[in-house]
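Working notes, structure below.
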Amino acid sequence: MSTLAEAPRDQFQTDANRTATDDVRRLAVRRALSNYQTARNRTGATFTDWKSARSAAATIKHEAVNHLDKYLEEFERKFTARGGKVFWASNSEQARNYILELAAARGVRSIVKSKAMTGEEIHLNPALLAAGYGVVESDLGEYIQQLKGEAPYHFVFPCMHLRRDEISDLFEKELGTAKTDNPEELTMIARRVLRRAYIDADMGISGGNFIVADTGMISITENEGNARLTVGIPKIHVALIGIEKVVPCLGDLALLLPMLATAGTGQHLTGYNSMYGGPRQPGETDGPEEFHVVLLDNHRTRLLADPEQRDALHCIRCGACLNVCPIFKNIGGHTYGTTYQGPIGSVITPHFRGLQDWKHLSGASSLCGACTETCPVGIDIHHHLLRNRRNAAQEKPAPGESLVWRMFAFLMRRPALYKFASRFAPLGSLLHPLIERTALDPVRAWTNTRDFPSAPLRSFRAQFKAHQAQKAAAISQNGGAK
Amino acid sequence: MNSQNGDREAILGRVREALRVPAPLKHPAERSAGGEPTTAHFREWLPPVGPSLDEKFALFAKLSETLRSELIVCADLAQAAAEIASLSSAESWKTIALHRGGLLDKLAPLLPNNLAQLCVDGGYDKNALEACDAGITECELLVAQTGSVCVTSDNSGGRVLSVLPPHHIVIARQSQLVTDLTEAYESLAAKYRAHYPSMISFITGPSRTGDIERILVLGAHGPKRLTILLLP
Ligand code: SF4
């Protein structure tokens with residue numbers, strides 16, 4: 001892992017160079033993703049019409065995001081009427097402070113967390129730990145990453161890059177358990193440890209996949225049941241959710257939940273899809289006494305203000321775009337250096353954390369469009385990467401680069417000059433090896449890792465002309481013979 | 001951050017400012033969603049179910065199998081009690097947890113005498129519930145399209161009973177089987193109107209994880225086994 005002081009771009013380059021040649025890691029990731037792909041293809045094929053379903057999902061999110069104020073207010077009204085509390089946080093600090101103050105005011109000692117990428121985004125765990133609270137991540141993958149002291153590798157599959165023996169070693173070291181290469185035994189170890197965490201915790205913190213405006217609920221999707229326990233047992237529940245997660249009505253989930261499951265993990269429906277509207281209601285057996293929803297802006301409104309890329313806020317965080325991305329497969333999740341990895345992370349991070357610092361992510365794409373193709377809500381992901389590149393260049397032009405392009409354009413518009421200049425290409429090929437990979441090499445970024453193709457002695461035009469002449473000669477010969 | 005709500009006005013202000021320029025709708029759906037009262041048209045695109053009860057049941061049974069839920073069709077409550085008794089002796093249960101309800105009130109007296117019962121209504125000790133060998137609940141609905149069991153905090157013994165014990169047993173009637181999530185939400189809306197329970201949960205199979213090498217393991221945190229006893 002690179003040091004914090006490093007600029008994001010340098011960290012990215014260093015880590016990418018290292019991970020791209022880490023065959024062991026790449027194999028682990030490829031294997032995990034091929035299991036995913038099989039499941040997804042199988043489930044996706046059961047849809048009567050995936051494309052129309054996708055358009056409808058996109059339309060729902062478009063409606064929600066483009067009337068965000070209206071739906072957030074509706075959610076707040078309904079949720080508050082049922083005894084919930086809504087807190088609006090402009091940034092990470094406000095969100096963290098609210099949770100810290102709440103924990104202090106209620107005399108909380110230990111906290112159990114279910115998966116929340118917003119928690120990663122605002123660096124919640126370090127803040128809670130520093131304030132003296134015990135915090136346990138309860139999602140198995142997140143728990144493993146927490147023990148490892150590492151950020152999640154993928155925002156849906158947090159430890160997909162680890163092999164079972166590595167997890168076994170980690171458990172042995174941190175929990176003192178016996179070695180095993182059986183994923184089931186490993187899971188049971190975590191199950192035993194975490195059961196205590198739910199029972200002992202005074203506060204449960206969750207994320208949320210959807211905010212439902214018309215019924216004032218939040219919806220949480222999970223497979224393990226850890227979120228159910230996290231928001232069922234402790235007496236306080238705090239849900240930390242981005243403002244863009246809203247949908248207009250509860251019924252919309254009838255479409256979005258199956259699509260999230262299919263795209264995310266290849267399931268028809270994820271193990272537990274639970275909607276929570278308020279704390280324990282009168283007459284109910286159990287449930288938290290208090291339920292706080294922290295609505296997080298943290299620069300989402302900056303992305304909202306860009307109508308061209310606003311649909312990036314439609315994202316339902318299924319992770320499918322990571323799973324199909326050739327770049328992700330090669331450089332892995334940590335290289336991005338972001339909370340949200342992969343193509344969608346590359347689109348939104350520059351909006352959240354600064355275009356110039358994070359524009360390199362938009363460059364790290366083959367623009368193959370696999371992400372756009374797979375996205376269940378039809379976000380134009382790869383074109384947004386291009387738009388980020390354009391915006392970055394407009395905002396801060398690179399004089400050297402634009403000079404090269406202007407020279408190129410100048411040449412391309414003048415066929416005679418182009419023809420004349422291309423005569424020198426073979427000469428260039430001849431001389432290039434003398435400076436190849438040295439500081440003088442103008443194409444060093446390329447030649448560092450690849451061979452530079454050598455120019456042919458005869459140009460395409462010359463070859464084409466000769467070929468045409470040959471063909472004409474052959475035809476006239478044949479014609480003559482008949 | 002001066003008010004109790006935090007930065008409410010500032011955020012809503014930024015949202016309204018940002019939305020002054022409209023964004024194009026890139027994927028116009030055939031019918032406009034959002035705010036539309038019915039979502040029945042989702043059905044045309046999602047995996048097909050079939051209109052008859054037999055088709056619904058067949059799909060639910062097939063999905064239960066792939067999900068590794070155990071579906072047992074019972075002729076009556078006595079058979080349901082007998083199934084529970086045999087599960088109980090196979091797994092040597094000592095205590096089961098359950099809640100009050102139309103079906104369970106009739107089932108509870110039929111259960112084996114040597115099986116202690118913890119009823120969660122009116123509060124329970126969480127350590128005691130954790131120590132139970134199985135939890136028996138009723139449910140709101142069964143969903144054919146996804147193989148799911150829908151429980152709520154209102155009719156299924158609260159939030160925790162269906163997820164803390166290692167074996168979850170659901171007792172349901174065939175009439176509770178609905179086509180898909182759309183029908184499920186419509187039926188919940190009709191039943192509860194504006195007074196929804198604080199939790200609605202669609203349980204699809206036993207608790208599972210694929211976090212280690214994307215290999216399926218059951219019983220990550222919730223129940224390792226899910227048994228559905230289906231009465232006529
Ligand atoms: S951008 Fe689309 S594919 Fe990627 S995580 Fe979001 S919803 Fe899924």
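The values are calculated or read from the model by the stated rules, or taken from the named source; none is laboratory data. Worth saying up front: this structure is predicted, and the values here are computed from it rather than measured. Quick reminder, even Gly has a Cβ in these numbers, built from the backbone with ideal geometry, and neighbours come from all protein chains shown. Surface areas here come from the heavy atoms of the whole protein model, side chains and all, with no ligands, DNA or RNA. Shrake-Rupley method; radii C 1.70, N 1.55, O 1.52, S 1.80 Å.
Per residue, the range B:122-232 exposes an accessible area of 24 Å² to a 1.4 Å probe, with every protein chain left in place. Here the scattering of the protein assembly as shown is modelled by Debye summation over its C-alpha atoms, one equal scatterer each and no solvent; at q = 0.11 Å⁻¹ the log10 of I(q)/I(0) is -1.15. Entry comment: accessible area of the range A:399-481 is 87 Å² per residue, from protein heavy atoms only and a probe of 1.4 Å. Pairs of Lys residues in the range A:47-298 are counted when their Cα atoms are under 19 angstrom apart and they lie 8 or more places apart or on different chains; the count is 17. Proximity of backbone amide H atoms, modeled 1.01 Å from N, is registered between A:A239 and A:S206, A:H292, A:V293, A:V294 at under 5 Å, excluding neighbours fewer than 5 places apart on the same chain. Annotation: lysines with alpha-carbon distance below 20 angstrom to B:K224 (same-chain offsets under eight excluded): B:K62, B:K94, B:K126. When the square roots of the Cα gyration tensor eigenvalues are ordered a ≥ b ≥ c, the ratio a/c for the range A:47-298 is 1.5 or more and a/b does not exceed b/c, which makes its shape oblate.
Using the alpha carbon gyration tensor of the range A:341-395, what are the three equivalent-ellipsoid semi-axes (square root of 5 times each eigenvalue), largest first, in whole Å?
Working: eigenvalues 70, 24, 16 Å².
Equivalent-ellipsoid dimensions as semi-axes: 19, 11, 9 Å.
Of all the accessible heavy-atom surface of chain A, with the other protein chains kept in place and a 1.4 Å probe, what percent is carbon and sulfur? Percent of accessible area from carbon and sulfur atoms in chain A: 57. Here's how it looks for B:G101: its modeled amide H is under 5 Å from none belonging to a residue 5 or more places away or on a different chain.
Anisotropy class assigned to the range A:232-345 is prolate, per the alpha carbon gyration tensor with a/c at or over the 1.5 cut-off and a/b larger than b/c. With everything on Cα atoms, drop me the angle between helix B:181-192 and the longest principal axis of chain B, reported from 0 to 90° to the nearest 10. Once rounded, one gets 80 degrees.
Simple spin-label estimate for A:T46 and A:D10 gives 5.1 nm between the two label positions (7 Å along the Cα-to-Cβ direction from each Cα). Across the range B:48-160, Cα pairs under 8 Å and at least six residues apart give a relative contact order of 29 percent. In summary, the aspartates and glutamates within cross-link reach of B:K106, defined as a Cα separation below 17 angstrom excluding same-chain residues under 8 places away, comprise B:D76, B:E83, B:D121, B:E138. How much of the accessible area of the range B:50-231, in percent, comes from carbon and sulfur atoms when a 1.4 Å probe is used? Its accessible area is 52 percent carbon and sulfur atoms.
Per residue of the protein assembly as shown, what 222 nm ellipticity follows from adding -39500 (n - 2.57) for every DSSP H run with n ≥ 4, rounded to the nearest 500?
On the way: 31 runs with 326 residues, N = 714.
-13500 deg cm²/dmol, from helical runs alone.
What percentage of all Cα-Cα pairs in the range A:399-481 are separated by more than 14 Å?
On the way: 2565 of 3403 pairs.
Counting every Cα pair in the range A:399-481, those more than 14 Å apart make up 75 percent.
Contact residues in the range B:195-232 by the 50 Å² criterion (accessible area, 1.4 Å probe, full protein complex versus chain alone): B:Y196, B:S198, B:I200, B:F202, B:T204, B:R208, B:D211, B:I212, B:E213, B:R214, B:V217, B:H221.
Under 5 Å from the amide H of B:L71 lie the amide H atoms of B:I228, each residue being 5 or more positions distant or on a separate chain, with H modelled from the backbone and absent for Pro and chain starts. Roughly how large is the B-A contact in terms of buried accessible area, totalled over both chains, probe 1.4 Å, nearest 100 Å²? The buried area between B and A, both sides summed, comes to about 8300 Å².
Loop-located trypsin sites (Lys or Arg not before Pro) across the range B:171-232 with a Cβ neighbour count of 10 or fewer within 10 Å are B:R193, with loop assigned by DSSP.
Cross-link reach is defined here as a Cα-Cα straight distance under 21 Å, omitting same-chain residues fewer than 8 places apart; for A:K419 the lysines meeting it are A:K465. Our coupling estimate for the range A:224-236, obtained by passing each phi through the Karplus curve with A = 6.51, B = -1.76, C = 1.60 and θ = phi - 60°, is 8, x, 5, 6, 4, 6, 4, 9, x, 8, x, 7, 10 Hz, Gly and Pro reported as x.
Return a whole-number percent for the relative contact order of the range A:47-298, with Cα pairs under 8 Å and 6 or more residues apart as the contact set. Relative contact order of the range A:47-298: 28 percent.
At a Cβ-Cβ separation cutoff of 4.7 angstrom, cysteine residues of chain A with no neighbouring cysteine are A:C159, A:C249, A:C315, A:C318, A:C325, A:C368, A:C375. Solvent exposure of B:W93, expressed as accessible area, is near 20 Å², computed with a probe of 1.4 Å over the protein chains only. Helix B:8-18 and the longest principal axis of the C-alpha atoms of chain B enclose an angle of approximately 60°.
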